[in-house]
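K.L.:
Here it is, the structure in full.
Bear in mind that the values in this text are calculations on the coordinates, not laboratory data. Predicted model, so just to flag it, every value in this text is computed and none were measured. Virtual Cβ from ideal backbone geometry, glycine too; neighbours counted across all protein chains shown.
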């Protein structure tokens, strides 16, 4: 009989990967078809912050400059919604593919990490949609005059909104990244606290690159990054590798403390030394 711990041949891994990818594509395809029936409503939800901001200036309409632009924009919205609907299946297929090659301790951590990653991503995208978008669009539309009118197109807005939501979703993963690096022993809480000032500078530079060139949006991205950095420091302190090793070192130091015996013979020796 073959050893159950023996690794599967490379071709079997490729076959399993193919099956997992096929299942994932089918899930995305079904989600795309289901979302296409509600494409107008989904696009209205996506454009709600912009439309609300534009309504204050008296023009709450988006345009499309090419004949197929609206059609392809709805296709892209449906595809993004389909991927979102298929996310549970995608995570399940990913877990079923990687779990056989993981140790028991690794399996214990990877599933919570996946769930927390999804939660942090949704929190970041929601922060961008509900907080950053209204203030950012209001700032951009503030340049409207009697002779200058904002006329955003469907394609441009979808590209802008999707990039911004992805950016905010990914930057909210910072605490998990720092905790993961700490578990690998690459960073420590002391190192993160010592280099806090450099991290703050890096956050503002990254916000200036990722966000549009206005101070308001840049600050609204940099401030959550600062808070997430502090949360990451707490994560490295409680869940990092060094926290465990520090506790072990403390235990070792307690064990190494010498204990003095109440040996009556020792007192006699000291007394004899003085005579």
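K.L.:
Could you work out how much longer the chain between residue 156 and residue 109 gets when fully extended? Use 0.36 nm per residue separation minus the Cα distance between them, nm to one decimal.
P.N.:
Extra length from residue 156 to residue 109 when fully extended: 12.9 nm.
K.L.:
Please report the spacing between the Cα centers of segment 49-88 and segment 177-198 in Å, no decimals.
P.N.:
Spelled out, the Cα-based centre of one part sits 40 Å from the other.
K.L.:
Oh, and also: Rounded to the nearest 0.05, what FRET efficiency do residue 126 and residue 67 have when you use their Cβ-Cβ distance and R0 = 35 Å? Don't skip to the answer; put the middle values down first.
P.N.:
Numbers: r = 34 Å, r/R0 = 0.98.
In this case the efficiency is close to 0.50.
K.L.:
Still on this structure, please answer the following. For residue 163 and residue 94, FRET efficiency with R0 = 25 Å and r from the beta-carbon atoms, rounded to 0.05?
P.N.:
Calculated value: 0.55.
K.L.:
Given R₀ = 45 Å, what would the calculated FRET efficiency be for residue 227 paired with residue 23, taking r from the Cβ atoms and rounding to 0.05?
P.N.:
0.75
K.L.:
7 Å from Cα along Cα→Cβ at both residue 16 and residue 184: what's the point-to-point distance in nm?
P.N.:
2.3 nm
K.L.:
On alpha carbon coordinates alone, what is the Rg over Rh value for segment 10-172, Rh being the Kirkwood radius? Mind dumping the intermediate values first?
P.N.:
Details: Rg = 19.9 Å, Rh = 18.3 Å.
Here the Rg-to-Rh quotient is 1.09.
K.L.:
Sticking with this one: What spacing in nm lies between the two simple spin-label points modelled at residue 83 and residue 198, each 7 Å away from Cα in the Cβ direction?
P.N.:
The answer from the label model is 3.3 nm.
K.L.:
Also, I was wondering about something else. Kindly identify segment 95-228 as rounded, prolate or oblate by the Cα gyration tensor criterion: order the square roots of the eigenvalues as a ≥ b ≥ c, call it rounded if a/c is under 1.5, otherwise compare a/b with b/c, prolate if a/b is larger, else oblate.
P.N.:
Cα axes put segment 95-228 in the oblate bin.
K.L.:
How big is D, in µm² s⁻¹, for segment 76-123 by Stokes-Einstein at 10 °C and 1.306 mPa s if Rh is the Kirkwood radius over C-alpha pairs?
P.N.:
133 µm²/s
K.L.:
Then there is this: Sort 38-44, 222-228 for me by packing, meaning the mean count of neighbouring Cβ atoms within 10 Å per residue, highest on top.
P.N.:
Answer by packing, highest mean first, reads 222-228, 38-44.
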